[in-house]
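Down below is the structure, laid out as structure tokens.
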Amino acid sequence: MPRRLSAVLSPAEALPRAATALVVDVIRATTTAAFLLDGGARELVLTAEVAQARAEARRRGALLAGERGGLPPEGFDLGNSPREVHPDRVRGRTVVMTTTNGTRAALRAAGAAERVGLAALVNAGAAVRWAAARGGDVVLLAAGREGRAALDDAYVLGALVAGFRGLEPDARLDDG
């Protein structure tokens, strides 16, 4: 039976159950996450709220990364920009991240999928291969902007669908 790909363009939409979810917040959370992991971060912990991120970072002795309204909260080690990620700063470290849209979408996806990955243009091919290797249906969730769809995230969802279709021409797209 062909794999079902469910594209969810807005975080306000219902999420179907799936084996895997790929969450996209291309400007910036999922791109920054890709840079953090590529830069050698040992672990990336996502939280919904700033206070939760601070508590988790204290408990783990971790770096804090993220934003609210596009700006890093006071006391955070990093904002939410790939330009701020330097391997010498993150290598081997746990990073706790919270953002206005992306981390919240990823945590929401965790309630609908057995596993969650983060996808952006910089890691789209790897994200598709990772999800495809795990089998089962896939939800592609655009984090959007403050509860609304965002064209930049929708564009990346299209790139992910194209990637799946390249691997699995029979994959079925369910876009609502």
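We did not get these values from a lab; they are worked out from the coordinates using the rules stated. Predicted model, so just to flag it, every value in this text is computed and none were measured. So basically every Cβ, Gly included, is an ideal-geometry build from the backbone, and we count neighbours across all protein chains shown.
Given the C-alpha centroids of region 103-126 and region 84-100, what is the distance between them in whole angstrom?
18
Using the Kirkwood radius built from alpha carbon pairs, what does the Stokes-Einstein equation give as D for region 1-140 at 37 °C and 0.692 mPa s, in µm² per second?
For the chosen part, D equals 215 µm²/s.
About the Cα centre of the chain, what is the dipole size in debye to 20, counting +1 per Lys and Arg Cβ and -1 per Asp and Glu Cβ, all else neutral?
Around 420 debye, computed over the chain.
To the nearest 20 Debye, how big is the dipole of region 30-100 about its Cα centre, given +1 on the beta carbon of each Lys and Arg and -1 on that of each Asp and Glu?
That gives a dipole near 220 debye.
Hey, fewest Cβ within 10 Å first, where do Leu173, Leu5, Leu44, Leu121 land in order?
If I rank by nearby Cβ atoms, fewest first, I get Leu173, Leu121, Leu44, Leu5.
Can you give me the Cα centroid spacing of region 1-64 and region 159-176 in angstrom?
Using only Cα atoms, the two centres lie 21 Å from each other.
The chain: longest stretch without exposed GluC sites (Glu not before Pro) (DSSP loop, at most 15 other Cβ within 10 Å), sites themselves excluded?
In the chain, the maximal stretch lacking such sites is 75-145.
Given Gly125, Gly61, Asn80, which one lies farthest toward the positive end of the charge dipole of the chain, if we put +1 on the Cβ of every Lys and Arg and -1 on the Cβ of every Asp and Glu?
Value computed over the given set: Gly61.
Once you've got the GNM for the chain with C-alpha springs shorter than 10 Å, pick whichever of Asp153, Asp77, Asp25 has the biggest mean-square fluctuation.
Asp77
When N counts the residues of region 30-100, how does its alpha-carbon radius of gyration compare numerically with 2.2 N^0.38 Å, as a ratio?
That ratio works out to 0.95.
Against the longest principal axis of the chain, how steep is helix 29-38, in degrees 0 to 90 to the nearest 10, with axes from Cα atoms?
70
Please state the charge dipole magnitude for region 70-158, taken about the Cα centre, from unit charges on C-beta atoms (+1 on K and R, -1 on D and E), reported in debye and rounded to the nearest 20.
200
Tell me, what HN-Hα J-couplings in whole Hz come from the Karplus equation 6.51 cos²θ - 1.76 cosθ + 1.60 at θ = phi - 60° for each residue of region 71-83, using x for Gly and Pro?
Whole-Hz 3J(HN,Hα) from phi for region 71-83: 10, x, x, 4, x, 6, 6, 9, x, 10, 10, x, 5.
Let me have the relative contact order for the chain, percent, based on Cα pairs under 8 Å that are six or more residues apart.
Relative contact order for the chain comes out at 42 percent.
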